[in-house]
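See below for the structure under consideration.
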Amino acid sequence: MRKTIFTILLLSISAMSAWAYQKEKIYINSGGKQRNILVYTPDELPAGSPLFITTHGMGGNSENQAEHDRMYELVDTAKFVMVYPRADGDYWDISGTTDQNFIIKVIDEMATRYKIDRKRVYWSGFSMGSMLLFHCMPNMLDKIAAFAPTSGIQFSEEPWKKCAKKVNVMECIAYNDNAFTYNKYNIRGYMENMANMNRYTKYKKQSGYRTKNGTSWFDGDRELWLNEKTGHEVVLYSYNYSGKGSHTPVAENSYEIWNWCKRFTLNPDAPGNSTQEEAEVVHYNATAKNAWVATPTSGIPSGSDITFNGATVTIGAPDDAVTWAWHAGNQGLLPSQMPSTGGTIETLITSFSDTEPYGELPTHGAFLKIAPSTASKITISGKASANAAQPLVFVACQNNNPLSPESVKITPWDNDVTQWTYEVDANHVYYFFQQAYPGQLTAYRFTLRSISFECNVEASVTDLHYSRNQQNVIYGLDGIHRNDVQRGLNIVVTAGGSIKKILSR
């Protein structure tokens, strides 16, 4: 009997020492009420450590959230502060600011008590805790470096329409979630909207993806939408949950969430609050891509300019006094009333050929005037009028004689072609339009969808800023802060202030 008791005691001591952390319940006054949080810290916590916050689901509490997601088990090796806030009752405030203010109070309290790094604060949530996260997101972009909601979205709100900055966000959810049903709540579409807000430039999908820890791995799909210029990421990990009950915090996702979040930091200190060190001047020939895309809210007056890096494109003529408005059927913009059935012969280009004399340039209607400041390519995307007798026309004029055609390129109408690319240079002004003829006014419905301009530019970085207590900070050659080294040339400012150039292929 004594031997059995000794063995049990020894096993208990071993279990207690498996995770070297301290657990504490802390009370905070927020909005005139005493609220509480469950806090886990490693036995040795360096100053300037990250803070990770997880909000529980409806009807839950701090303790059962910790019991299920077991994120706290990482604090001893990863060295961060783990906080599980407690709702005031069974519900979070997902329409007002009561719990948003509470989360801000939590961050402030942790900064006072543990000297956490305010630039590395991360927020996860489960179910209704994720709804709170999405609800608060637009107002917390200056406080949260990365968001990691699980098994939930704020389906009654569209945060991508309210966020003033790009955002790092990863959603983990089961395909067979029985509360936030995947298709009913359009989970993928919701996250793709966040990615569109970020203006992502790269998409990658990994099928059969598994998290890298745990005893029960789930097959799933990991989708990434990345803005390669700024480093902002939107990730959707959709998995096939095999346990009992598919709407539950999953401990196997904890490593995945932490390893993703820890890569991000808020923008470094502003120059006024930091030490400046002049960096070696770096020059680099890069490719600048500029894109303008028509949207249902982008109706613009005729004669408006769209400015690109290296060119100005004027849409239509100012004295037309019409608006290029959204056409839902064609999914683009076209001049209101012109040159459809309400148009006149003055709005038409009635003759143009690819041999001299070429014809007269348009002064009314649906045309683009392109003024490059450098040699480049321009791509125009749209829906051409469905009439084989109406080709697409691209005209080049010398800068010193902008109304006299020097050369003409005519492209026959093709129903399957929706974009046209042309070489341009700084010595010319260009015009693009679709030819139209009298008697075919109803057919002339060229719709503008997008314009992109690509050119070679020389980028340079002349000075950077750093704080003595910060980690490495990474910049692109455009001076924009990056969250990680990206392909091409990177400028890295180390914690000690030295400057390194890293070329990643």
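The values are calculated or read from the model by the stated rules, or taken from the named source; none is laboratory data. Bear in mind the structure is a predicted one, so any value in this text is a computation, not a measurement. Using ideal geometry, Cβ is built from the backbone for each residue, glycine included, and neighbour counts are taken over all protein chains shown. Please note that ligands, DNA and RNA were not included when accessible areas were found on the heavy atoms of the full protein model with its side chains. Shrake-Rupley method; radii C 1.70, N 1.55, O 1.52, S 1.80 Å.
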Rounded to the nearest 20 debye, dipole of the stretch 122-264 from Cβ charges on Lys, Arg, Asp, Glu: 380 debye
Residues whose placed amide H lies under 5 Å from that of F308, excluding near-sequence neighbours: V313
Neighbourhood charge, 12 Å Cβ-Cβ cut-off, centred on D177 and excluding it, Lys, Arg +1 and Asp, Glu -1: 0
Carbon + sulfur, % of accessible area of the stretch 105-206 - ligands and nucleic acids excluded, 1.4 Å: 43 percent
Under 14 Å, Cβ to Cβ, from A20 - net charge with Lys/Arg +1 and Asp/Glu -1: -2
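To the nearest 0.05, what FRET efficiency results for S242 and T98 with a Förster distance of 45 Å applied to their C-beta separation?
The value I calculate is 0.75.
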Long-range HN-HN contacts of G57 with modeled amide H, under 5 Å: F126, G129
Net +/- balance of residues flanking N29 in space, Cβ distance below 11 Å, scoring K and R +1, D and E -1: +2
Quarter of Cα convex hull surface for the stretch 107-195, i.e. mean projection, nm²: 5.9 nm²
Aspartates and glutamates whose Cα lies under 19 Å from that of K115, excluding same-chain neighbours fewer than 8 positions away: E24, D43, E44, D76, D142, D269
Taking the stretch 154-263 and dividing mean pair separation by its residue count, relative contact order in percent (alpha carbons under 8 Å, at least six apart): 32 percent
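Please give the length that would be gained between Y182 and N400 if that part of the chain were fully extended, namely 0.36 nm times their separation in residues minus their C-alpha to C-alpha distance (nm, one decimal).
Full extension of this stretch gives 72.5 nm more.
Set the bar at 18 Å for Cα to Cα. Now go through K119/K165; K204/K383; K166/K229; K119/K166; K204/K229; K161/K383 and name every pair that lies beyond it. Mind showing how you got there, number by number?
On the way: K119/K165 15 Å; K204/K383 29 Å; K166/K229 12 Å; K119/K166 15 Å; K204/K229 16 Å; K161/K383 27 Å.
The pairs that break the limit, which is 18 Å between Cα atoms, are K204/K383; K161/K383.
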Label-to-label distance, nm, for residues given as D142 and F155 (7 Å Cα→Cβ offset): 3.4 nm
Cα-based reach from K369 at 12 Å (exclusive), listing aspartates and glutamates while leaving out same-chain residues under 8 positions away: D305
Inter-label distance for T312 and K162, nm, one decimal - labels placed 7 Å from Cα along Cα-to-Cβ: 3.8 nm
